[in-house]
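Heads up, the thing below is written out as structure tokens.
Taken together, the values in this text are just the output of simple stated rules run on the coordinates, not laboratory data. Quick caveat: nothing in here was measured; it's all calculated off a predicted structure. We place every Cβ from the backbone using ideal geometry, glycine too, and count neighbours over all the protein chains shown.
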Amino acid sequence: MSPQDNQQAEPARCDLLLTGGTVLTLDEDQPVIESGFVAVDGDRIAGVGHGQEARSFEADRTISCQGKVVMPGLIDCHNHLYQSLGRTLGECLTGWEWLSQFMWPYSAAISQQETAASVYLGALEAVLAGTTTVLDHHYGRDDYDTTVMVAGILEEVGLRGRIARGMTGTRTAVSQQQKLPETSFQRSADEELAITEACIRSRPKGSRIEICPGPMNAAYTNVDLIAASVEQARSHGVAWHTHLSAPRDDPEVFKQQHGSRPATWLHRNGLLGPDAILAHATWVDDEEIEALGDTRSAVAHCPLSNFYMPYGVMPLHDLVDAGAAVGLGSDGSCCGHRQDLFENMRLMVLMHRLNTLDPRASRAEEALRVATRGGAAVHGIEAGVLAEGALADIVVVDTTRPHFAPMHDPVAAMVYTARGTDVEMNIVGGEIIVEGGRSTRVDQDAVVSEALARAGELAERINAR
Ligand SMILES: [Zn+2]
């Protein structure tokens, strides 16, 4: 409602009013509001505007955000939260070595209790760093009970989003050639699909944490299982997720087996579309970019892990210009190390500048848009923007700290200066899940203690393999 309409009217009741902050709306009509307000009612935003207009609302609770930035929550489009207990391990391995000598042995060794400890830790870190929505590509201990347990943990910590259940199926020629451990390829395609089917039914479309199919990787997962996963996703109206051509060799490896590059193959088989969420897409040629764009497929850009592994530079602008939806992904803690999309925003800009030696190749505003509106488009949710009617997924960043002085440009400050640890408040669906930099939903000291208690033994077991 506009203030003119409301000058004489009774104030509208709402649950929560955030006042006095610098509001980054990500709304083209009024992108930055100095000393603005955001009103929240139920799980939606009831109003956004300039200071005095806040009088048109009467809230159960009003929080002063003076000296702070209020912005949409950050949206993660690719993660593996069960990897948190393994971070800092697996140094200096090439892509296939990293998978065969470290990641798959870790995934085969992890118990259900260790998975819980790891996911609690990763999810806690994510919400403390301003993430409101996550796509968790869950594998490792991925039986029905554990997968549903992981969904419960994400919900308990306060996130929204989806789990893509990682499916390996039986060993393919590529997984054999690359020495991926046999222990990770124990189930038939039918068994994989049956477990995923049960998981989807327990967390159907519309759940705060949905479950959907996540065949592991276009390069080494059986393509019939990939096609069946897409069919399964479509029969339930949910998305599907996989790794696509992260390292440079993947397209050639796929082509030797199937006669075309992976995204081209997916396109020819009718598997692309807005329901396809593809992680990395680092090495896609012009034909693949066109296919991803024409079909409005979604891509998760993972700058930090693309640096770390190192995979290379995703053709961000070509994909966006072609029509693909692009959001940011933290990737798992074993190759992203921290749950911090602020860091990924910064690295996104720096990656594209360094790659082109052009300071205009990317800018702070673009990174912030990809991390919010872009991610919302990938997930298909009405979030990523502070506007009336949008989901009330909101983050408050404390900009009174020394590294924010001076804040000439709040958008640049959020991308170049801010760290996840600067987040003071995280609101998902209108509920405050982090306040004063601490979780309101879980005992965070207990989460960290439990993770520490379990991590050492798990690391030892992997080394023994
Ligand atoms: Zn990944």
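Below, the figures for the structure above:
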| item | result |
| --- | --- |
| Bridge type composition, the chain - antiparallel percent by DSSP, nearest 5 | 40 percent |
| Summed residue charge, Cβ within 12 Å of Lys205's Cβ, Lys/Arg positive, Asp/Glu negative | +3 |
| Amide H within-cut-off set for Asn217, under 5 Å, with H built and near neighbours excluded | His243 |
| Ascending count of other beta-carbon atoms within 10 Å, so fewest first, for His337, His138, His80, His258 | His258, His337, His138, His80 |
| Sum of side-chain charges, Arg296 neighbourhood, beta-carbon under 14 Å (Lys, Arg +1; Asp, Glu -1) | -4 |
| Angle in degrees between helix 144-157 and the longest Cα principal axis of the chain, rounded to the nearest 10 | 20 degrees |
| Region 257-284 versus region 137-156: alpha-carbon centroid distance in Å | 26 Å |
| Separation in nanometres of the label points that stand 7 Å from Cα toward Cβ, at Asp224 and Glu457 | 4.0 nm |
| Euclidean distance between Cα centres, region 311-340 to region 23-81, Å | 26 Å |
| Three-way shape call for the chain based on the alpha-carbon gyration tensor, with the a/c threshold at 1.5 | prolate |
| Residues whose placed amide H lies under 5 Å from that of Ile163, excluding near-sequence neighbours | Asp136, Glu210, Ile211, Cys212 |
| Region 372-465 - Rg over Rh from alpha carbon coordinates, Kirkwood radius | 1.11 |
| Part-to-part distance (alpha-carbon centres) for region 377-430 and region 95-114, which is given in Å | 34 Å |
| Rounded to 10°, Cα long-axis angle of helix 223-236 versus longest principal axis of the chain | 40 degrees |
| Diffusion coefficient, µm² s⁻¹, Stokes-Einstein with Kirkwood Rh over alpha-carbon pairs of region 126-204 at 10 °C and 1.306 mPa s | 115 µm²/s |
| Thr132, Thr94, Thr146 arranged by Cβ crowding within 10 Å, fewest neighbours leading | Thr94, Thr146, Thr132 |
| Cα long-axis angle, helix 341-356 against the chain (0 to 90 degrees, to the nearest 10) | 70 degrees |
| Cα-centre dipole for the chain with unit charges at Cβ (Lys and Arg positive, Asp and Glu negative), debye to 20 | 700 debye |
